[in-house]
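Okay, structure first, notes after.
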Amino acid sequence: MTDATQRSGDGFGETHGDETDDDRTAYDVPSDETPVECTYCGRPFESDALLALHRGQVHADVITDDERAAYDSAHEAESGQLRRFRLKALAVLVVIYFGFLMVYALV
Amino acid sequence: MRRRALVPGLRAVAVASVLAAVARPVLAHGGSLGGGARESLTVPTWLMLATGGAAVGGSFLLASFATDRSAIDALLDGRRTLRLPVEPALRLVAGALGVVVLLGVLVTGYVGPTDPLSNPAVVVVWGGWWAGFAMSTYLVGNTWPAVNPWRTVVSALPDFGRSYRWRFGAWPSVAGLLALVWIEVVSPLADEPAVLATTVLGYSAVTLAGAVVYGPETWFSEVDPVARVFRYYGAVAPFGRAEDGSPELRPPGSAVSSDLLDGVDEVAFVVALLWVTTFDGFVATPAWRTVARWLVGLGYPPALLYPGAMLAGFALFFGLYLLAARLARRTAPTYVATATLARRFAPPLLAIAAGYHVAHFLGYFLSLTPALLTAVTAPLATVNPPLLVVPGWFGGVAIAGVLGGHLVAILAAHATAFDLFPGRLQAIRSQYPFIAVMVCYTMASLWIVTRPDVPLPYLP
Ligand SMILES: [Zn+2]
């Protein structure tokens, strides 16, 4: 399954000139993994949620109602994860800021 | 004592704040600073490195709060195509100017004053070209294709148009860049005008021969390291060219978040550009002197010390960067190939390279402006021109350059990740390894600039 959907080939060095670079992204799927693939463009994804997000962003005008619903729920779930990430990031920033403030006061 | 001694009067730049130590390269290039800056620096080295690293990591965390795709896109758009009706005339003037300057450098290098500061070849090449012109390529836009005197000369010569082996890709230009910087470090290019002129002559011979054999388009887009440096710097600049070739105005740094590079060979050039800046400072540290003595004690030939260090350091940098690209597949997670990740996340590093260039050369350039004026008005007189004394607060501008470069790089990498990945959290996580590399690079650079400057060991 390796390079199953590699569309731009491995010869990046040969793609000179100014052809449109719409998608020169190469994919490399480990042989022991089974990706979910986009039925519209064949791009492999690690999870159904990422596939749903991709479909909603890239193929928004052609997807079915079910796929639209899957996108919405994946987006919603991701927003929740993102809120938790932001809280952690904020905590780290605060620790960095006051940590350095204290260290500079002591040194 | 090579380029470092060219401007001995710049000690005055005070290093006030912690990160101000970043400003030291200004002096490292301008004068033998010795312990001057460190005496005024009361913060211990470990804390300074930690602060630099935390500044980069913290900027990334701040950038991670921007997850709105339309907002990120809006930041990058706003490109405006410009009309430049006089462009052919400007090109003609720029080309002629380039050729005249090249001839002037060659002539005055051989017959001009031997005092480096009075010699137009030395002052024009280092102050005018490598400091001043290079800054214009990333602060304004890359005009090198129009100015490049060798291109102008070649256009008057026949074109054999031999086909270039594409599989070499950008590697010859990587080798060329490493070789040029090696020559710059080990030879008295800034002290002996004749040596400089001979080097320029050698470069001219190679460049003209190559451009005639392979055709100027191929040569200057693929092989010539100088043209590539300026083209890559130009990607950071606000003025550039749209896909149809017409001039455009864009937000500075927005171009480095697009898919600029053709392959891992071009990624290697970006990494080499960062590495040569570091190499220049590293070989003046006591640590390098210790390593060099130890190696020679083991029987390592002294003549191969600098080429060996140049290659080993480049291999280390490139290896670490590729490792980061590999790890990004896992942290994201994603099936996007390592080569694609390496290619897409490399252009933002150009902003960092530009930032360090500002820190190195802005003060140097300004201090040399009187010498530059003299070089143009009285090219053959030994006048010992004064050095412009750069005020103490100027160190802050150098810091702003380094921080600004990092900030642009982080934002560009962020935009790149959102372009590549459907998941917002995935896009943030994909950057972890690259941010780790940036933090390490910042700390390594800070470590180098806080070491005492020692004479380069094992050089004649
Ligand atoms: Zn798709």
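Remarks
- Residue list for region B:201-260, restricted to those being within 21 Å of residue B:155 (Cβ to Cβ) and among the basic types (Lys, Arg): B:228, B:231, B:241
- Residue within region B:167-188 that is part of a helix (DSSP H, G or I) and polar (S, T, N, Q) present: yes
- All told, residue A:78 falls short of being of a type in the set (Asp, Glu), touching a helix residue (DSSP H, G or I) at 6+ places or on another chain (Cβ under 9 Å) and within 11 Å of the ligand (Cβ to nearest atom).
- Residues that are within 14 Å of chain A (Cβ to nearest Cβ) and within 24 Å of the chain's Cα centre (by Cα), drawn from region B:385-432: B:410, B:414, B:416, B:431
- The set of residues in region A:57-68 being more than 8 Å from chain B (Cβ to nearest Cβ) and either buried (at least 17 other Cβ atoms within 10 Å of the Cβ) or within 22 Å of residue B:68 (Cβ to Cβ) (or both) consists of A:59, A:60, A:61, A:63, A:67, A:68.
- Going through (1) over 18 Å from the mean Cα position of the chain (by Cα); (2) more than 16 Å from the ligand (Cβ to nearest atom); (3) surrounded by 12 or more Cβ atoms within 10 Å (Cβ to Cβ); (4) more than 8 Å from chain B (Cβ to nearest Cβ) one by one, residue A:94 falls short only on (3).
- Among residues of region B:337-379, those that are part of a loop (DSSP other than H, G, I, E, B) and over 26 Å from residue B:323 (Cβ atoms), counted: 3
- Taken over region B:210-237, the criterion of being outside any helix (DSSP H, G or I) and either over 17 Å from residue B:260 (Cβ atoms) or free of Cβ contacts under 8 Å to residues at least 24 places away in the same chain (or both) is satisfied by B:215, B:224.
- Selected residue (only one of B:109, B:128, B:52, B:57 is modelled with pLDDT of 80 or more and more than 23 Å from residue B:280 (Cβ to Cβ)): B:57
- You will find that of B:264, B:200, the residue that is within 14 Å of chain A (Cβ to nearest Cβ), among the aliphatic types (A, V, I, L, M) and in contact with a Gly (Cβ under 9 Å, 6 or more places away or on another chain) is B:264 and no other.
- Filtering region A:24-65 to residues that are in a loop (DSSP other than H, G, I, E, B) and touching a Ser or Thr at 6+ places or on another chain (Cβ under 8 Å) leaves A:24, A:25, A:26, A:28, A:29, A:30, A:31, A:42, A:43, A:46.
- Selected residue [within 14 Å of chain A (Cβ to nearest Cβ), surrounded by fewer than 18 Cβ atoms within 10 Å (Cβ to Cβ) and either in contact with a helix residue (DSSP H, G or I) (Cβ under 6 Å, 6 or more places away or on another chain) or over 16 Å from residue A:27 (Cα atoms) (or both)] from B:330, B:326, B:289, B:293: B:326
- No other residue among B:207, B:199 is without any contact (Cβ under 8 Å) to a residue 60 or more places away in the chain and in contact with an Asp or Glu (Cβ under 7 Å, 6 or more places away or on another chain) apart from B:207.
- When residues of region B:63-94 are limited to those that are free of Cβ contacts under 8 Å to residues at least 60 places away in the same chain and surrounded by 14 or more Cβ atoms within 10 Å (Cβ to Cβ), the one nearest to the chain's Cα centre (by Cα): B:94
- Residues satisfying the stated conditions in region B:238-260, i.e. of a type outside the set (D, E, K, R), surrounded by fewer than 22 Cβ atoms within 10 Å (Cβ to Cβ) and part of a loop (DSSP other than H, G, I, E, B): B:238, B:242, B:245, B:246, B:251, B:252, B:254, B:258, B:260
- Filtered residues of region A:51-107 (kept if closer than 23 Å to residue B:420 by Cα and of a type in the set (Val, Ile, Thr)): A:58, A:62, A:63
- Only one of B:74, B:94, B:54 that is within 14 Å of chain A (Cβ to nearest Cβ) and either touching a helix residue (DSSP H, G or I) at 6+ places or on another chain (Cβ under 8 Å) or of a type in the set (A, V, I, L, M, F, W, C) (or both): B:54
- Scope region A:37-49; condition within 11 Å of the ligand (Cβ to nearest atom), without any contact (Cβ under 8 Å) to a residue 24 or more places away in the chain and within 14 Å of the chain's Cα centre (by Cα); matching residues: A:38, A:45
The values are calculated or read from the model by the stated rules, or taken from the named source; none is laboratory data. From a predicted model like this one, the values you see are computed outputs, not experimental measurements. Note that we place each Cβ from the backbone using ideal geometry, even for glycine, and neighbour counts take in every protein chain shown.
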